[in-house]
Every structure is written in structure tokens, then in C-alpha cells.
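All remarks here apply to the structure that follows.
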Amino acid sequence: MAEIRIPELAESITEGTVAGWLKKVGDKIEKGDYLVELETDKVNVEIISDYSGVLTEMKYNEGDTVNVGEVIAIVSEEGEEPAPVSVQEKNAEENVQEQSNSTFKEEKKERPIASPSARKLAREKGLDLSQVPTVDPLGRVRAQDVQGFQHGQPSAATSVPTPAPAVRQEMVSDDKPVERIRMSRRRQTIANRLVEVQHTAAMLTTFNEVDMTNVLNLRKRRKDKFLEENDVKLGFMSFFTKAVVAALKKSPLLNAEIQGDEIVLKKFYDIGIAVSAPEGLVVPVVREADRKSFAEIEKDILALADKARQNKLALTDLQGGTFTITNGGVFGSLLSTPILNGPQVGILGMHSVKLRPVAIDEERMENRPMMYIALSYDHRIVDGKEAVTFLKRIKELIEDPESLIFE
């Protein structure tokens, strides 16, 4: 018999939630096969089997929390033929031991199916599992359900297995309907980090506007040839990534972080690109952006965005960024104040391109494609002068995009 344990995931990750089993009890398993998908605070991880054999036991249900190092499944290796045991069947066996043969069927019907962690928690709280409500479609009671059950009333802790969020309808005191949806582990982490940044950083935002005429004209002239030669479209992000790197070289404190009473100036340019994913905003990183061409940057961003939407990002895709770019313009945002992606001290916000009347000189007005840009920064180490200079440098480079070739 071989035990499948949750491996070390990353230094800051100690537990995860079972998002879904990729195999079922009784399946033949080959070494290297994916067994279960685990949702962590940062990414989804697929756990593989280190053994070949038959999956005979799954120790946790979807939605259960598991810790690094815990046994999550049992695989019978070659030559062993134990009877397969699922979590539900294991619980049924516990019932057999507790009840006589004459009353087993009746008790099995009355006793709810529950995960081992839910049963343990219920015993500790002195709760009757049959009174704990659950919205699991199979009627399984999980630790979250028990934790959220107070004085006979369900709470927001009740959830359903991922990927579907827990949705529970109820009536408030004035008979108006509401829904309670349990926050996913990742959404909770995002919320906590955003609040932490606002509590620990002296965040300030400065704004400017960019005339996008020359970038749009350059893209129009070069887009077909660029696509033909590089098999990727020429977008705005490569221009802004190049401009950010050039501006960071002139304003190095925006490419730094605070560690205790020290400022750590980073001499590399790993640029985070905020991407909207099913479970919330994530920031995968384009490595060594200063060494890459426009095409390489566009390909990296496209690949990372695809992985984010499919929940396939690895921890290494998210770690170590030095500065972040976020583009709310793709959703129609005209102006916003982006929140820092700690421990970074700067984030650039891009917005929608809109035709607006612009004064060309004292007598002429023209409609120009304009974009508001915003820089949020940590005022603890970045002064207003440096922040404004940085944003002005971005504006100059974008309005003269050919100059980026020489940066």
C-alpha cells in the first residue's frame, strides 16, 4: 500500500482545498498520473501519484481543507488487491463498527455522509451532524458546514465544492431575498492582501494623460507584418511594458521594496501584468522584460493570460515581480486609482482610449485618442517629484513610440 501525500508547494503555502478529484476509486493509476486538483491561496496545483497501482481510497472530499504532508489517497501497488474504499464507504464502515448488523441499514440512512474532518469538528463542538445543513448536491457534510453552523442557523461559511461557488438563498428579517456566496480561498487571499497594503503603505496616486495617436498609427502600419513575422498581434501592452522599463531605469526607487529599515533596489526588471482570471485578479510576471523584444513580450503576456484563465499558472509565474501594470481600459474604465501589489512600491494603471478635444496650440483644437494613466506609489520611499517624473517619462515615450526602439 502506498500513501499519496500533499507535497511541499511553496514557502508561504501550508494548506489547500480539494478542488476536484481527477480519478475515482478503483481506477488504475500509473506513476506520474494526476490524481487531484488542489486550490491554494495563489494557484491551483495538480497532485500526481508517485506510484503505479489502483486507487483504493480517497481520504478527503471536494471542498475539504488539507495540509502539506497529509495523506490524501491510498494506492495499492502491483501485486496488492485490497478492496477499493472511497471516503463515503469509509464513513459507512465506521457506522458498521458502531451499530449492530440488525440496525445498520436504518442507522446508515439516518446518519449523514460527512468527511472525517467534519465529524471530528462536530464532536469537538458537541453538534449533531444530522442538524448541520449543507448545500452539497450529494448531501455531504464538510468541515466548512460544521464551522459555519451556529445555534442551529447556517452561516456564510457553508459552501459547495469548487469550481461552483457556494450560493444559498434565504430571507432576511423584512422578507427580502438575499444570496450568500462563500468566498473562494483565492478571493479571501486577494482581499486580505489588498487591505494589508492599504494599512502598511503610504499609498498615493498621480495622474497624466497620453495622446495615443502615434501608437495607433504605428500599429496600423505595422500590425499585419508584425503578425506575419511573429505569429502574435501587436498590442498596447508591449509599448507600455517597454516604456515602464525605460522609466524605471531613470527612477530606480519605483523598482524597489522596503525590507525592515532598508530599501532594496532591484537591478532587474520583472514586470507583473495584472490579468483577470475566474477566481479573481492575478499578476503573472514577464521575466527580464528589459531584454525582450516587442514580440517576445506580447507572446509572454498572451501565454500567461491563457494560463491564468485556465487556472494553470504555476507559483513561479507569480513570484518576484518588481513593478506591476494593470489595464482597466479593457473593461471600459476611464480612470481609476490602482492598489499596490505589495511588496512592490509602484503600479501603473492604463485606461480606455477615448476621442477627446485637445488644444494643439492657441488657435487649433483637434479630436485625439487620449488615455488617462495613473501611477500609485508608496510615499514612504518615493517622493512626489520622482513619481511625477516617472509618469511624465511614460507619456513622452508612448507619444513618441519609435524612441522605444532605442531604449
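The values are calculated or read from the model by the stated rules, or taken from the named source; none is laboratory data. Keep in mind it's a predicted model, so treat the numbers as computed, not measured. Cβ atoms come from the backbone with ideal geometry, glycine included; neighbour counts cover every protein chain shown.
A few points about this structure:
- Here residue 197 qualifies as modelled with pLDDT of 85 or more, in the same structural domain as residue 340 (by TED's automatic domain parsing), surrounded by 15 or more Cβ atoms within 10 Å (Cβ to Cβ) and in contact with a Leu (Cβ under 8 Å, 6 or more places away or on another chain).
- Those residues of the range 314-330 which are surrounded by fewer than 18 Cβ atoms within 10 Å (Cβ to Cβ) and in contact with a Ser or Thr (Cβ under 9 Å, 6 or more places away or on another chain), in sequence order: 315, 330
- Evaluation of residue 254 against (1) in a loop (DSSP other than H, G, I, E, B); (2) modelled with pLDDT of 95 or more; (3) farther than 30 Å from residue 227 by Cα (one fails), failing number: (1)
- Counting the residues of the range 54-64 that are surrounded by 22 or more Cβ atoms within 10 Å (Cβ to Cβ) and under 17 Å from residue 3 (Cα atoms) gives 6.
- Spans of strands (runs of 3 or more DSSP E) in the range 318-407 with at least 2 residues among the basic types (Lys, Arg) and within 32 Å of the chain's Cα centre (by Cα): none
- Criterion: more than 30 Å from residue 393 (Cβ to Cβ), touching a residue at least 60 places away in the same chain (Cβ under 8 Å) and in contact with a strand residue (DSSP E or B) (Cβ under 8 Å, 6 or more places away or on another chain) - qualifying residue of 180, 186: 186
- Scanning the range 181-208 for residues that are of a type in the set (A, V, I, L, M, F, W, C) and part of a helix (DSSP H, G or I) yields 190, 191, 194, 195, 197.
- Residue count for the range 352-400, restricted to those that are aromatic (Phe, Trp, Tyr) and under 20 Å from residue 215 (Cα atoms): 2.
- Scope the range 207-242; condition surrounded by 18 or more Cβ atoms within 10 Å (Cβ to Cβ) and under 27 Å from residue 381 (Cβ atoms); matching residues: 210, 237, 240, 241, 242
- Number of the condition not met by residue 29 [criteria: (1) more than 24 Å from the chain's Cα centre (by Cα); (2) surrounded by fewer than 21 Cβ atoms within 10 Å (Cβ to Cβ)]: (2)
- Among the numbered conditions (1) surrounded by 13 or more Cβ atoms within 10 Å (Cβ to Cβ); (2) closer than 26 Å to residue 251 by Cα, the only one that residue 333 does not meet is (2).
- Condition check for residue 313: more than 29 Å from residue 381 (Cβ to Cβ), in a loop (DSSP other than H, G, I, E, B) and in contact (Cβ under 8 Å) with a residue 60 or more places away in the chain: yes
- Any chance residue 214 is touching a helix residue (DSSP H, G or I) at 6+ places or on another chain (Cβ under 9 Å), within 22 Å of residue 334 (Cα to Cα) and part of a helix (DSSP H, G or I): yes
- Residues of the range 264-310 that are modelled with pLDDT of 85 or more, assigned to a loop (DSSP other than H, G, I, E, B), in contact with a strand residue (DSSP E or B) (Cβ under 9 Å, 6 or more places away or on another chain) and closer than 23 Å to residue 343 by Cβ: 266, 269, 270, 274, 283, 284, 287.
- Selection of first residues in the range 322-342 that are closer than 25 Å to residue 200 by Cβ and of second residues that are small (Gly, Ala, Ser) and modelled with pLDDT under 90, restricted to Cβ pairs under 9 Å at least 6 apart or on distinct chains, gives the following pairs, ordered by first then second residue: 340/201; 342/201.
- Under the condition of being over 26 Å from the mean Cα position of the chain (by Cα) and free of Cβ contacts under 8 Å to residues at least 40 places away in the same chain, the residues counted in the range 194-230 number 10.
- Condition broken by residue 388, with the remaining ones in (1) surrounded by fewer than 17 Cβ atoms within 10 Å (Cβ to Cβ); (2) out of contact with any Phe, Trp or Tyr (no Cβ under 9 Å at 6 or more places or on another chain); (3) of a type in the set (A, V, I, L, M); (4) without any contact (Cβ under 8 Å) to a residue 60 or more places away in the chain satisfied: (4)
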